[in-house]
Amino acid sequence: MRLLLIVLLSLTSLLGGEKVLPEGWKFEVGVRGGEGKHQISERLKLYGKMRFEGGKPGCEEELVVNYLKTPDKLKRVNQVTLHADEVLKAFRAASQGEDYQAEKDLKGEKVKYASYPAEGGYSVRLTLDGKIEEFTPGEVKEFWEIRKMMDAAKAWYEKLVVAEALPEWTPGARPPLQRNTAIKIPCGEVKLDAMGIEYELRFMSGLEYGFYWMARTVTFGEKHKASANNARYLDLMILDVGNRLDNGNEIERELKSESSHAKFFLKGNLKDQCVELLCVPNEGKAVKARITVEQVELLRQIVERKDKRTEWLNKHRHLFYEWQRRPICDDTAFNIEMRISRAQSKQPGPLVLRVFREKDTLSREMSPLQVELRWAMFQPGFAAIDRDLLAELCLACEAAAAKKKYIKMIGSETVLQSTEQQGQWVVKLRHHDKRLTLDSAQLGDLKWALQQANEVYDWYDLLTKSQEIPQATAELHPPVVDEIHMMLEITHLTEGSKNGGRMDFLSRVYRTAQGEIEQKFDLRWNDDEESYLIESGLNDELVKHLKPAMEAVVKGEVYQKLCGKEYEERFFLEVKPSSRDIDLYYYPSGTSDPKYMDLEYNWQNHYPRLRYHMEEEAKWLEKHPEVFFTLKK
């Protein structure tokens, strides 16, 4: 993979004298150290902000060291940023077998850093908030392995900024191997008297394809800033008012948000050929600015520059990192059904195993890994039996084969027992009104089925926990199957609405029993009472009209559009002159009363990004089926 990447990038055409990185472009690349690969990273997180400029020698590193008071990754409030220089000194002293002690103030508290002799070498002790955290000699070694990787990344960027051809990867200078990365490229700034708008292209990746967006920050007064919701509309509205000035029209616009720090009022001034901007903070004095025609043009150039830099970064992002692909990503649910036959079995048809984990609609939390089995011997009493219950069945059947009594209550509603019936020993299973009776002679099939279930569980449990594709062994390997059908739920993203329902984005990749790869993208409407899976053709029609609807929001114009047919399942989009969002009405088939939610600006970005996500996962599954299974020859 790495060699192929080097070859491909080496073949990238560079004009005579052209640098690998565009001259004058500034970059910030986030390098995460040891995430998921080193024990120390469960308590100590290293993050390097590497800043450099195309054509200018050097790379500046800002090291951030965060201490996690608890290993629970969800409790981010317990993360504390330490003094990076003191952390380096303590771990360097420990690696050199030297004592070290230092004390620093951190938000009114004393933090102590120390290295001291311990069994097997020197350890590092951190004392914070009355708690002592110790890092073993082994973790000290891990710390410097992480720093070695980060130093190699810094050396790589130092080569990259002045290179006219792609530098060779070496152990001491190479792109960092990363599961998650962040790249930032400034795109420009417009200064407006006491105000200013800064623009920055950002690329975030927890997956190989990642996603891009323009970060806008509006500064007003001495200390105030507004970003996200308000800022993303402000520049668009300035351009709209400026365009209307070019056409000889004056217009007034207002931009406000409950979650923002300010309201903005815009007015076109034909006489002075400028856009008048008034910022009214929630706290402090109002700020005025006059935006000239030249500044409006500069703003337009910045937006165009962002588009060009996005295109460039999309083609060249692997100059900055090597992506560490996980076999199954943390946010991927799956449902995989496989058929496995046993030659000596008397059961009609193969054993059907289903291995799966599911994602909660609202919390997005993943369920534990589970394995279910379907086989002729379990029916008609039970459609499927899970792996834990099968293990209990094996114990009961072993007792029956030995002509011994066995009885067990599983929970409060399931009874399992071995008993003699008409001269034969059998196993009986009862759950509510479901009944199952097995002959002790079926013990061989039961044990074989349990072995298959355990092997499937163990392999997929390893896949979900591994940072890299694991090496198969005789004891631990992909299941060998007659036939398999796979469903990977790639994305399950919920867009909520303060006023109304929610919309789920569902993208799935299927591998059919015939080996064909299929993709399916759905929208699902949710509210407190009901859930509706929306017809795929209607999804596409809705997305097609999001862009013109959002343009109407920016311009303060009226927009109305019916997606679908009257009296059938349909959407109705509406934008009013005073709207900041799109009003979306959903009519389930056969209903006349609509369900409502408001759509924000991000909607037009989600759909293409998630589509691309799904397409890339489909390509990966098509190329690497051996990760999940092996077909019988």
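Taking N as the number of residues in the stretch 381-422, what is its alpha-carbon radius of gyration divided by 2.2 N^0.38 Å?
1.19
From the cross-link list LYS49/LYS555; LYS184/LYS547; LYS45/LYS547; LYS184/LYS561; LYS45/LYS159, which pairs have alpha carbons spaced over 29 Å apart?
LYS49/LYS555; LYS45/LYS547; LYS184/LYS561, as the Cα separations exceed 29 Å there.
With every protein chain left in place, what is the accessible area per residue of the chain in square angstrom, probe 1.4 Å?
Dividing the accessible area of the chain by its residue count gives 51 Å².
Given the C-alpha atoms of the stretch 389-506, compute the convex hull and give its volume per residue in Å³.
Measuring per residue, one finds 206 Å³ for the Cα hull of the stretch 389-506.
Using a simple spin-label model with points 7 Å from Cα along the Cα→Cβ vector, what separation in nm is obtained for ALA155 and VAL303?
Rounded to a tenth, the inter-label distance reads 4.6 nm.
Give me the one-decimal nm value for the distance between modelled label points at VAL415 and ARG290, 7 Å along each residue's Cα-to-Cβ direction.
Reported label-point gap for VAL415 and ARG290 is 9.2 nm.
Which length gain, in nm to one decimal place, applies between GLU145 and GLU133 when the Cα-Cα distance is subtracted from 0.36 nm times their residue separation?
2.3 nm
Which lysines does LYS403 reach when only Cα atoms under 21 Å apart count, and residues fewer than 8 places away in its own chain are ignored?
Answer for LYS403, where 21 Å is the Cα cut-off: LYS428, LYS447, listed by chain and number.
For the stretch 112-165, divide the Cα radius of gyration by the Kirkwood radius and give the resulting Rg/Rh value with two decimals.
Reported Rg/Rh (Cα atoms, Kirkwood Rh): 1.25.
Just grab the label-to-label distance for ALA165 and ASN335, each label 7 Å out from Cα along the Cβ direction, in nm (one decimal).
Label at ALA165, label at ASN335, 5.4 nm between them.
At 1.4 Å probe size, what's the solvent-accessible area of TYR457? Round to the nearest 10 Å².
We get 50 Å² for TYR457.
So, with a 1.4 angstrom probe, what is the percent of accessible area on the chain that is carbon and sulfur?
Numbers: 15250 of 32120 Å².
Here it works out to 47 percent.
Return the equivalent ellipsoid semi-axes of the stretch 247-372 as a descending list in whole Å, where each equals the square root of 5 times an eigenvalue of the C-alpha gyration tensor.
60, 22, 14
Please give the calculated 222 nm ellipticity per residue for the chain, where each DSSP H segment of at least 4 residues contributes -39500 (n - 2.57) and the sum is spread over every residue; nearest 500 deg cm²/dmol?
Helix-only estimate at 222 nm: -8500 deg cm²/dmol.
The values are calculated or read from the model by the stated rules, or taken from the named source; none is laboratory data. Just so it is clear, the model here is predicted, and its values are computed rather than measured. Don't worry about glycine lacking a Cβ; one is built from the backbone with ideal geometry, like all the others, and counts go over all protein chains shown. When the accessible area is computed, the model is the full protein with side chains, heavy atoms only, and any ligands, DNA or RNA have been set aside. Shrake-Rupley method; radii C 1.70, N 1.55, O 1.52, S 1.80 Å.
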